[in-house]
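What follows is calculated from the coordinates using simple rules that are stated; it is not laboratory data. Please read all numbers here as calculations on a predicted model, not as lab measurements. Ideal geometry is used to build each Cβ from the backbone, glycine not excepted, and the neighbour counts take in all protein chains shown.
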Amino acid sequence: MIEQSASLSIVAKNYDEASAAIEKLAKARGGYVEKLEGQSQSGSSRSLSASLRVPAIQLDHFLADLRQLGHVESDSLTNEEISAQFVDLQARLRIAQATERRLVELLGSRTGRLEDVLDVERELARVRSDVEAMQGQSALMLHQVSYATVQVELSEEYHEKLHSDSSVGTKLRNAFVGGLQNLQDAILGILIFFLNYGLAIMFWLAVISIPAWFLRRVFLRRRAAHTS
């Protein structure tokens, strides 16, 4: 028993046609859509995420259909062996069903105290609940083997539209205003910098320059004395 799952990421040649075709392609192969979500935001490309189930025998054909929708950016296929889990589940189910039958027989022949009868009924209810849960799990595993899971991430190539409604004069004016704003911001930034750090910079310049000036004067005097 093999559980198959596939994943594709596709950039659509024509997004509108591709997004509308996904569900049709799944139905054409005998499958159905489990989940489908689309996203569309202003200023960005549209995208769609879909989780589909198709008969396992149709998986290869369905994947080939999907690859025709556009450029495939990523493609993966996973096969998981679940035979051992299924065999173990069936063994536990048979044991639980045998226990259920014995409890039913015991309950039918029970003539003792009411408390004992209620204990058997509670145990029977618990066992039946386990049987139903395992039967549901078995049916789910069989379905997962019969129907492969396909995850599709579909997106469109995004081309930013050029806005032709603005005249050349308007564009130049906007650029000039933007330049003035940038100049104003730069001047304001320099002014704020000097207000914050100007006194400290002047202090350290004085600390460095005064000794340097003094040393230079001493050097020049000594040099003049040696030359004379």
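Of note:
- CD proxy at 222 nm, helix term only [per DSSP H run n ≥ 4: -39500 (n - 2.57); per residue of the chain; nearest 500]: -22500 deg cm²/dmol
- The stretch 1-91: C-alpha gyration tensor shape, a/c 1.5 cut-off, then a/b vs b/c: prolate
- Here the dipole of the chain is about 2060 debye; that uses its Cα centre as origin and unit charges on the Cβ of Lys and Arg (positive) and Asp and Glu (negative).
- Set of aspartates and glutamates with alpha-carbon distance to residue 35 below 16 Å, sequence-local pairs under 8 removed: 23, 153
- Tensor-based shape of the stretch 174-228 (alpha-carbon gyration tensor, a/c under 1.5 rounded, otherwise prolate or oblate): oblate
- Loop trypsin sites (Lys or Arg not before Pro), the stretch 59-118 (other Cβ atoms within 10 Å of the site Cβ: 11 or fewer; DSSP): 113
- From the coordinates of this entry, Cα extents along the principal axes in Å is computed, and it appears in [x] 63, 36, 30; [y] 51, 40, 38; [z] 134, 58, 38 under the label [z].
- Contour excess over end-to-end distance, with Cα ends at residue 213 and residue 60 and 0.36 nm allotted per residue: 46.5 nm
- Straight-distance crosslink candidates among aspartates and glutamates, where the alpha carbon sits under 14 Å from residue 27 and sequence neighbours closer than 8 are dropped: 65
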